[in-house]
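K.L.:
Below are the structure tokens for one structure; questions will follow.
The values are calculated or read from the model by the stated rules, or taken from the named source; none is laboratory data. Since the model is a prediction, treat every value here as computed from it, not as a measurement. When we count neighbours, we look across all protein chains shown, and the Cβ atoms used for this are built from the backbone with ideal geometry, even at glycine. Side chains are part of the model used for accessible areas, which takes the heavy atoms of the whole protein and leaves out ligands, DNA and RNA. Shrake-Rupley method; radii C 1.70, N 1.55, O 1.52, S 1.80 Å.
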Amino acid sequence: TMPSSLSKVFNGEFDNDLKGWNLSVFSTEASATMKIDATSVISGLSSCAVEISKVSGTDWHIELWQWLSIHQGRKYTITFKAKASSSKVITLGVQQASSPYTGYLYKQHTLTTQVQTFTDTVSINTMDLAKLEFFLGSSTTSVWIDAVSVIESSPVATGVVEQRDEKHEAMPLL
């Protein structure tokens, strides 16, 4: 089976408005808004801009996310481009969508005012619905995210042992 080279992310370029993406705020002490920004484009026609106006001190209290189907025994390469209005640490997460909310990947990245490309990989050992998440709530600033892709690939087979059935081996040709 050949792995698909198509991204599993829906609307990763944000060129189809905000379809497929959600912004959740999990504390009354935090506040943020998201919009499509055609003036600070990182890739494609537009980028997602999240303006963080109030934080609680916990990064996951402000979360940009979408659903992601994951499969057992697969490797996922996650790539995105991002920048911020000032230096800011964000966390990229892949987490099980329901209890017990197993975390498959949590990786911190430091954004600057310059566009950067980030790439992370994670191997998954279960089949489930997950959330692809950007935890943004650590400090007040604006964040632009674009060109989000998740490429799924099959692991390379290793340790394959060939078994021989001596009763049914072919006779040598004369």
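K.L.:
Which label belongs to the value computed from this structure, given these candidates for Cα extents along the principal axes in Å: (i) 46, 40, 26; (ii) 82, 36, 26; (iii) 63, 36, 31?
P.N.:
Only one listed value fits the structure, namely (ii).
K.L.:
With 24 Å as the limit, write out which pairs from 8/88; 19/131; 35/75 have Cα-Cα distances beyond it, or answer none.
P.N.:
8/88; 35/75
K.L.:
Leaving ligands, DNA and RNA out of it, work out the accessible area of residue 60 with a 1.4 Å probe and give it in Å² to the nearest 10.
P.N.:
Its heavy atoms expose roughly 120 Å² to the probe.
K.L.:
Something else: How do 132, 18 stack up against each other in accessible area, from largest to smallest, with a 1.4 angstrom probe? Don't skip to the end; give the middle numbers.
P.N.:
Working: 132 0, 18 35 Å².
My answer, sorted largest first, is 18, 132.
K.L.:
Before I look further, what does the chain give for accessible area per residue, probe 1.4 Å, in whole square angstrom? Walk me through the numbers before you get to the answer.
P.N.:
Details: 9970 Å² over 174 residues.
Per-residue value: 57 Å².
K.L.:
Just to check, using Stokes-Einstein with a Kirkwood Rh over alpha carbon pairs, what's the diffusion coefficient of region 41-81 at 4 °C and 1.567 mPa s in µm²/s?
P.N.:
Values: Rh = 13.9 Å.
Calculated translational D: 93 µm²/s.
K.L.:
A follow-up question, please. So, R0 is 35 Å and r is the distance between the beta-carbons of residue 28 and residue 154; what FRET efficiency does that work out to, to 0.05? Could the numbers behind the result be given before it?
P.N.:
Values: r = 44 Å, r/R0 = 1.27.
E(calc), rounded to 0.05, equals 0.20.
K.L.:
Express in Å², to the nearest 10, the accessible area of residue 98 obtained by rolling a 1.4 Å probe over the protein heavy atoms while all chains stay in place.
P.N.:
The accessible area comes out at roughly 60 Å².
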